[in-house]
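The values are calculated or read from the model by the stated rules, or taken from the named source; none is laboratory data. Since this is a predicted model, take the numbers as computed values, not measurements. Counting neighbours? That spans all protein chains shown, and the Cβs are built from the backbone with ideal geometry, glycine included. Just so you know, the surface numbers come from the protein's heavy atoms only, side chains and all, with ligands and any DNA or RNA stripped out. Shrake-Rupley method; radii C 1.70, N 1.55, O 1.52, S 1.80 Å.
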Amino acid sequence: SAQPSPILIVNGFDRMTSDANTKNYIIQYARALNNLKLSFDSCSNEAIIQNQVDLKNYSMVIWILGEESRADHTFDSQEQALVQSYLESGGKMFVSGAEIGWDLDHYNNGLSFYRNYLKASYVADDATVYQFSGVTGSIFDGLSNLSFDNGTHGTYDVDYPDCLDPSGGNQVCLNY
């Protein structure tokens, strides 16, 4: 059988906010992967839902959700089932998004999926700190005193980012 492509970047950030969603955030990930000389494909979350792209053809998936929230469904039930199947078959996933916990955990639009597959639990809303540091022994070990963009360096100011704790055997690798 053919080897899966290494990485798929999925853009699920459809929500239109006052920050004027440019819908081109794949570019930031693509630049980083290109600098690492890693090959990748990209698609929208709708391509996943419509079975135009199969997650199982990729050894790793990066899923971008930006400010998607409860009204916009960070992961709807069909996406949850597809991601769950992908992860159960050994796939690896990196998910970014400000309000995934608010949607899936706090409003229970996928509590079991959030805790058992994304391995996080929602603690509170609206983290207001832009500084972050890596945790010793984690993949971000050695990173310290760095900042998320507050909207003044080319991206948008994230409204109401979730405060999270690890769940299901997961470990913290970055503190903010």
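Gain on full extension, evaluated as 0.36 nm per residue between LYS56 and GLN131 minus their Cα-Cα distance, stands at 23.5 nm. Only lysines eight or more places from LYS92 in sequence, or on another chain, were considered; those with a Cα closer than 18 Å are LYS56, LYS119. What is the distance in Å between the Cα centroid of region 27-46 and that of region 150-176? Between the Cα centres of region 27-46 and region 150-176 lies a distance of 21 Å.
Counting protein heavy atoms only, the chain has 49 percent of its accessible area on carbon and sulfur, 1.4 angstrom probe.
Eigen-decomposition of the gyration tensor built on the alpha-carbon atoms of region 94-166 gives equivalent ellipsoid semi-axes of 23, 17, 10 angstrom, largest listed first.
Remark: region 24-174 carries 56 Å² of accessible area per residue (probe radius 1.4 Å; ligands, DNA and RNA excluded). If each of ASN170 and HIS153 carries a label point 7 Å out from its Cα toward its Cβ, how far apart are those two points in nm? Each label point lies 7 Å from its Cα, and together they span 2.4 nm.
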